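Notes follow once the structure below has been shown.
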Amino acid sequence: VAEKRYLMTPGPTPAPPEVLAAVGQPVIHHRGPDFRQLYAEALGRLREVFRTEQEVLLFGGSGSGAMESAVANLCSAGDPVLVVSAGYFGERWAAIASTYGVELDHLRYTWGEIPSADDVAARLREREARAVLFTHSETSTGVVVDPQPFASVAREAGALSVVDAVSSLGAVPLETDAWGLGVVASGAQKALMTPPGLAMLTASPAAWQRSVSAASPRYYWDWERTRKGQSTLDAPVTPPVNLVAGLNVALRMLLDEGLEAAYDRHRRLGRACREGLKAMGLELSSPDDDSSAVVTAARAPEGIDSGELVLLLRDRHGVTLAPGQGELKGKIFRIGHIGYYDVFDITTALAAVELALVELGAEVERGVAVTRALEAFEQTPV
Ligand SMILES: *Cc1c(COP(=O)(O)O)cnc(C)c1O
C-alpha cells in the first residue's frame, strides 16, 4: 500500500469524503431548480462563515482571483495604495496592485516578522492611501495577525482595509462586519475543506460605493455583474457546479461543528504540532503561541536542506508537507493543519518527519514527539 497519500500542506487541504461524494454527483444545469437551491444554500452559509450581512460573491477561480477582483473593483490606475507584507502572500498583494498601475506604497517586513497596526498608522500619516492591502494568515511563515486594529487604523485614515483571508477563514476568528473590514477575500481549498477552484469575497457598503467609481477594467471579476446574477440565483457565468455542491456540504459540516469549536480545534492542532516539533529538538520558525493556528513552520536541522526533507517524505513515505517559499526555500518546512484535520494527522506528520530526519542523518530526539503532541492537544487553550 505504498500509494497511500497524506496531504498535509497549508493548501490545498484534504476534503472530507462527504464533500468528495457531493462533488462526484452528476453534473446538473446551473439554471435549473436543483442547482439554484444549493447555490442559495451555499451563499447563505458563506455569509455565516464570513460573519457578514453583506452578499458574499462566489467565483470560479483560485483565492488569488478574489484578491485580484478586490484590486480591480476598488482601484483606478494612479490611486495611492498601501501594501503591508511579511511573506510570500503579502508580496502577491504588491504584485497584483502593481499590475493595475496603482501608486504603490509598500510597507515590507522581513519574512516571518509580525506586522503591527501602529506601523501602518504611522505610515498612513506620512503618506495617504485609499486602500490598505494586508494578509490575515501569512501561510508562508505561519504568522497570523489580528485584522481588527489594521482595519481601524485604515478607516481612521480614510482608507479601505482589504484582507487576504485565504488560509484563515474558517480556521481562526474573523468577524467581517463587527470588525469593520472593508473587503475579505478567500478561497475554498484551505479551511473550507473543498477541492480547489472557488474564490469568494465580501465587500462592505463603503467598498461597494468605492467600486462604482473605480476605473480599472474588469469583466469576469466584476462585482456588480456577479452580485446582480446572485440576487436572482442566475450566475453571470457557468459556475463550477460540482464544486459548489461540495462547498455547500463542507460549509454545513463547518457550521455543524460550530465556528468557535473549529477555531478551538485549530488552536489545539497548532499547539500539538509545535510541542511535538520542539520535543524532537527542532526550532520553530513560526510564532510559538496560539495565534499560529494555521500552519507550523520549523527550521531543518543544521546541514539538512528542508526541500530535500520534503521530497523524501513525499516520495518514500507518501506524506506531502510544504517546503519553504521564496527566501525561506531550503531552510524551513511547513506542516499545514487547516480544515479537515484532527490530532492523528498531526501525530502522523510528526512521526514521518522524525523518521525522515533520521534517514537523512540528523540527530533528533526519537519517540517523544507524538506523546508530547497528544498531551498538548488535550490542554485547554487559554
Ligand atoms: C493559498 C493562499 C493564497 C492563494 O490562493 P490560490 O488559491 O492559490 O490563488 C493567497 N493567500 C494566502 C494567505 C494563501 O494561503
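Residues in the range 57-70 that are under 19 Å from E138 (Cα atoms) and either away from the ligand (no atom under 12 Å from the Cβ) or of a type in the set (A, V, I, L, M, F, W, C) (or both): A66, M67, A70.
Residues in the range 1-39 that are away from the ligand (no atom under 16 Å from the Cβ) and within 18 Å of V319 (Cα to Cα): V1, A2, E3, K4, R5, Y6, P16. Screening the range 308-321 for residues that are touching a residue at least 24 places away in the same chain (Cβ under 8 Å) and more than 20 Å from T13 (Cβ to Cβ) and picking the one that is surrounded by the fewest Cβ atoms within 10 Å (Cβ to Cβ) gives R316.
Looking only at the range 160-181, how many residues end up being assigned to a loop (DSSP other than H, G, I, E, B), of a type in the set (A, V, I, L, M, F, W, C), more than 10 Å from the ligand (Cβ to nearest atom) and over 18 Å from R130 (Cβ atoms)? Residues meeting the conditions: 4.
Note on the range 85-114: among residues that are buried (at least 23 other Cβ atoms within 10 Å of the Cβ) and more than 13 Å from the ligand (Cβ to nearest atom), the one that is farthest from T226 (Cα to Cα) is V102.
This table checks each residue for (1) buried (at least 16 other Cβ atoms within 10 Å of the Cβ); (2) under 26 Å from A261 (Cα atoms); (3) at pLDDT below 95; (4) out of contact with any Gly (no Cβ under 9 Å at 6 or more places or on another chain).
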position	(1), (2), (3), (4)
D290	yes, yes, no, no
T296	yes, yes, no, no
A300	yes, no, no, no
Q325	yes, no, yes, no
I338	yes, yes, no, no
Y341	yes, yes, no, yes
V353	yes, no, no, no
V370	yes, yes, no, no
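Regarding E308, is this residue in contact with a strand residue (DSSP E or B) (Cβ under 8 Å, 6 or more places away or on another chain), charged (D, E, K, R) and farther than 23 Å from D264 by Cα? No, not satisfied. Scanning the range 137-159 for residues that are within 11 Å of the ligand (Cβ to nearest atom) and of a type in the set (D, E, K, R) yields a single hit, E138.
For every residue, the table says whether it meets (1) among the hydroxyl-bearing types (S, T, Y); (2) farther than 23 Å from G336 by Cβ.
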residue: T13; (1), (2): yes, no
residue: P17; (1), (2): no, no
residue: V23; (1), (2): no, no
residue: Q37; (1), (2): no, yes
residue: E41; (1), (2): no, yes
residue: V49; (1), (2): no, no
residue: L58; (1), (2): no, yes
residue: S62; (1), (2): yes, no
residue: A72; (1), (2): no, yes
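Return yes when Y39 is among the hydroxyl-bearing types (S, T, Y) and more than 20 Å from the chain's Cα centre (by Cα) and no when it is not. In short, yes. The residue that is surrounded by the most Cβ atoms within 10 Å (Cβ to Cβ), among those in the range 171-194 that are farther than 21 Å from Y88 by Cβ and of a type in the set (G, A, S), is G182. Exactly one residue among A117, A131, A121 is more than 16 Å from the ligand (Cβ to nearest atom) and either crowded, with 24+ Cβ neighbours inside 10 Å or among the aromatic types (F, W, Y) (or both), and that residue is A131.
The values are calculated or read from the model by the stated rules, or taken from the named source; none is laboratory data. Computed from a predicted model, the values in this text were never measured in an experiment. FYI the Cβ positions are ideal-geometry reconstructions off the backbone, even for glycines, and counts take in every protein chain you see.
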